[in-house]
1. Would you check if residue 178 is touching a residue at least 24 places away in the same chain (Cβ under 8 Å), closer than 18 Å to residue 49 by Cβ and among the small types (Gly, Ala, Ser)?
2. Give the range 46-105 a look and list any residue that's over 22 Å from residue 221 (Cβ atoms) and in a loop (DSSP other than H, G, I, E, B), or say none.
3. For the range 1-34, enumerate the residues that are of a type in the set (Lys, Arg) and either free of Cβ contacts under 8 Å to residues at least 12 places away in the same chain or over 24 Å from residue 227 (Cα atoms) (or both).
4. Hey, among the residues in the range 1-25 that are under 12 Å from residue 200 (Cα atoms) and not small (Gly, Ala, Ser), which one's modelled with the lowest pLDDT?
5. Could you go through the range 188-200 and let me know if any residue there is open to solvent by less than 10 Å² (accessible area, probe 1.4 Å) and under 19 Å from the mean Cα position of the chain (by Cα).
6. Identify the residue in the range 137-186 that is surrounded by fewer than 24 Cβ atoms within 10 Å (Cβ to Cβ) and of a type in the set (Ser, Thr, Tyr) and, among all such residues, is modelled with the lowest pLDDT.
7. Would you check which residues across the range 249-264 are in contact (Cβ under 8 Å) with a residue 24 or more places away in the chain and either in a helix (DSSP H, G or I) or buried (at least 22 other Cβ atoms within 10 Å of the Cβ) (or both) and list them?
8. Test residue 43 against the stated conditions and say whether it is open to solvent by less than 10 Å² (accessible area, probe 1.4 Å) and modelled with pLDDT of 85 or more.
Amino acid sequence: MNIYEVFTLKVAIAVVVAIVGLSGTLLPWFLNGRKARDRILALSDTFAGGVLGGAGLIHLLGDGMAQFRTTLPHVDYPLALLLAGAGFMLILLIEGVLVGDHRGSGDLSSNRTSVTARHETAWQPEDEGTRYYPVILLIVLSVHSVILGLALGSQQALAGIIIVFLAIIAHKGAAGFALGVGYARTGARLRRVLPQLIFFTTMTPLGIIVGGSVGLSLTPHGAQLFEATFDSLGAGTFVYIAAMDIIKTQFDSPGYRFQKWLFAVLGFLVMALLAIWL
């Protein structure tokens, strides 16, 4: 495939990602019963965590290291590992400092809320500022989404596009569902919050198209460096989201523990097996 065909494929993928994300955000309004929603969210979330962790460690980080060795053969410094750490610390800054200073108070071990909504925002439905916390969740998830989109948009090889696409799809549906649960539990009408849900669904496609457009404008060497950079940054953010945002928090919440572990392992194994062929 030439670079323009690859870009067209990325645009098509951006449309698919938007549809999956929007479907995830709308699903809570059509599911009956909180228990059903929480079980679906817990298992899909841990599966997505395994997929993201596998994609970050096995594929993105490995590809970033290989790309830097090719493009900067005389540089001995482990740039890919440095950038992966930077990506990890960037998300920690956003969630632990910038958003953390504006979280609600309350018992975070409570099971009254979606665990994914809680780990993103410490959102408590009976807090004084409840109405603000889905908005914070929207901001955090949107930042995640743009970074994930840039990681896909920077890919030059079809194999890399497929791997990152699968990781994004696995996470996008679960993240969208978490956001939808957060809004649904405030009692908000779907019509009122729909513009915000649509905003969330456009963030990853925006990152994909921006990353793809930048890649088109660069020389082949520059495009390789761009891909190596965002492979490495993406690896760090994928690992953070998988380990800190999803897996740790899901296991902090009681219920379905062995099933959660199985789904996390399954997600990781999917990425590990794909490394044989891609």
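The values are calculated or read from the model by the stated rules, or taken from the named source; none is laboratory data. Small disclaimer: the values here were computed from a predicted structure and weren't measured. As a convention, Cβ positions derive from the backbone with ideal geometry for all residues, glycine included, and neighbour counts pool all protein chains shown. Just the protein is used for accessible areas: all its heavy atoms, side chains included, with ligands, DNA and RNA removed. Shrake-Rupley method; radii C 1.70, N 1.55, O 1.52, S 1.80 Å.
1. Yes.
2. If the condition is that a residue be over 22 Å from residue 221 (Cβ atoms) and in a loop (DSSP other than H, G, I, E, B), then 99, 103, 104, 105 are the ones that fit.
3. 34
4. Only one residue fits best here, namely 25.
5. yes
6. 186
7. Those that are in contact (Cβ under 8 Å) with a residue 24 or more places away in the chain and either in a helix (DSSP H, G or I) or buried (at least 22 other Cβ atoms within 10 Å of the Cβ) (or both): 249, 250, 252, 259, 260, 261, 263, 264.
8. It is false that residue 43 is open to solvent by less than 10 Å² (accessible area, probe 1.4 Å) and modelled with pLDDT of 85 or more.
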